[in-house]
Amino acid sequence: MSPTRGRTKSNPTRRRLEELAETLRPDVTRPKAVSELERMFQSGSVPDPLPEGALGGRLIATTTGRFMDAVASWVAARWMPWQGKTFDPVSMSGFNRFSADVRTPLRLIWPSYTPIRADGEVVQVFPFRNRIERGAIDPNVKVLKIDYDFEANPSLLIRRILDELVQVDDGLYLGKVLMRWRGSFRRAGFFSLERS
């Protein structure tokens, strides 16, 4: 269940994010919604104060290509183990949180990778380092970078990811997933994070 689903949707920004997420389909509404997500991201600001502690997460959309996006949307509607991220603003670091049922896929894809912590409820994986900089593909936007490119993460896929985060409302953040491909970054999707 989405962390924001079931709540009173009185906040206009939160309500609009929910509407966009629900209308993203591989048809004529998708390009319009992705364009609006881009505008929302570009009008966001660097998080102030910096996120702290556990934030619930939601994958809003992938933007890798029509077929792959349709597959990702179908899978995410049936199984979405990603629960969000945990931030430590003092050390400018954090990690991703997944549900416990991700352990088998993790072992299959990255057999030598050891999670930070894994218990019956949550799996903590893929640590990151934070810094504030201009966006990699949006240089006019100051963002909180969520960088995975260091030795603690698997070199297969994870170290190629760079997430960028902006604040779009009080306690509500919009993230852009970037993938390094042939020396430059390309957008691969959008996600949201929210304080509980």
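The values are calculated or read from the model by the stated rules, or taken from the named source; none is laboratory data. Only a predicted model underlies this, so the values are computations on that prediction, with no experimental measurement involved. FYI the Cβ positions are ideal-geometry reconstructions off the backbone, even for glycines, and counts take in every protein chain you see. Quick note on the areas: whole protein, heavy atoms, side chains included, nothing else; ligands and nucleic acids left out. Shrake-Rupley method; radii C 1.70, N 1.55, O 1.52, S 1.80 Å.
For the range 71-95, the tally of residues that are farther than 18 Å from M179 by Cβ and among the hydrophobic types (A, V, I, L, M, F, W, C) stands at 8.
Of all residues in the range 47-64, how many are under 20 Å from M179 (Cα atoms), hydrophobic (A, V, I, L, M, F, W, C) and assigned to a loop (DSSP other than H, G, I, E, B)? Write out each step before concluding.
First, the residues of the range 47-64 that are under 20 Å from M179 (Cα atoms): 57-64.
Okay, now just the ones that are also hydrophobic (A, V, I, L, M, F, W, C), so 59-61.
Narrowing further to those that are assigned to a loop (DSSP other than H, G, I, E, B): none.
Selection size over the range 47-64: 0.
Annotation note: of F41, F67, F98, the sole residue that is within 20 Å of M179 (Cα to Cα) and within 15 Å of the chain's Cα centre (by Cα) is F41. Are any residues in the range 117-166 among the small types (G, A, S) and within 21 Å of W181 (Cα to Cα), and if so, which ones? Hits for the range 117-166 are G135, A136, A152, S155. Taking the numbered list (1) assigned to a helix (DSSP H, G or I); (2) open to solvent by 70 Å² or more (accessible area, probe 1.4 Å); (3) at pLDDT 90 or above in turn, F67 passes all entries but (3). Give the residue that is least open to solvent (accessible area, probe 1.4 Å), with candidates limited to residues of the range 149-181 that are among the aromatic types (F, W, Y) and farther than 18 Å from L50 by Cβ. Here the residue is F150.
The listed residues are I109, I116, and the only one of them that is without any contact (Cβ under 8 Å) to a residue 24 or more places away in the chain, open to solvent by 50 Å² or more (accessible area, probe 1.4 Å) and at negative phi turns out to be I116.
Can you pull out the residues in the range 23-46 that are assigned to a loop (DSSP other than H, G, I, E, B) and either under 13 Å from R66 (Cβ atoms) or modelled with pLDDT under 95 (or both)? Passing the criteria: L24, R25, P26, D27, V28. Across the range 110-134, the qualifying residues are those that are of a type in the set (V, I, T) and more than 18 Å from the chain's Cα centre (by Cα), and the one among them that is nearest to S99 (Cα to Cα) is I116. In the range 1-13, the qualifying residues are those that are surrounded by 13 or more Cβ atoms within 10 Å (Cβ to Cβ) and over 11 Å from R58 (Cβ atoms), and the one that is modelled with the highest pLDDT is T13.
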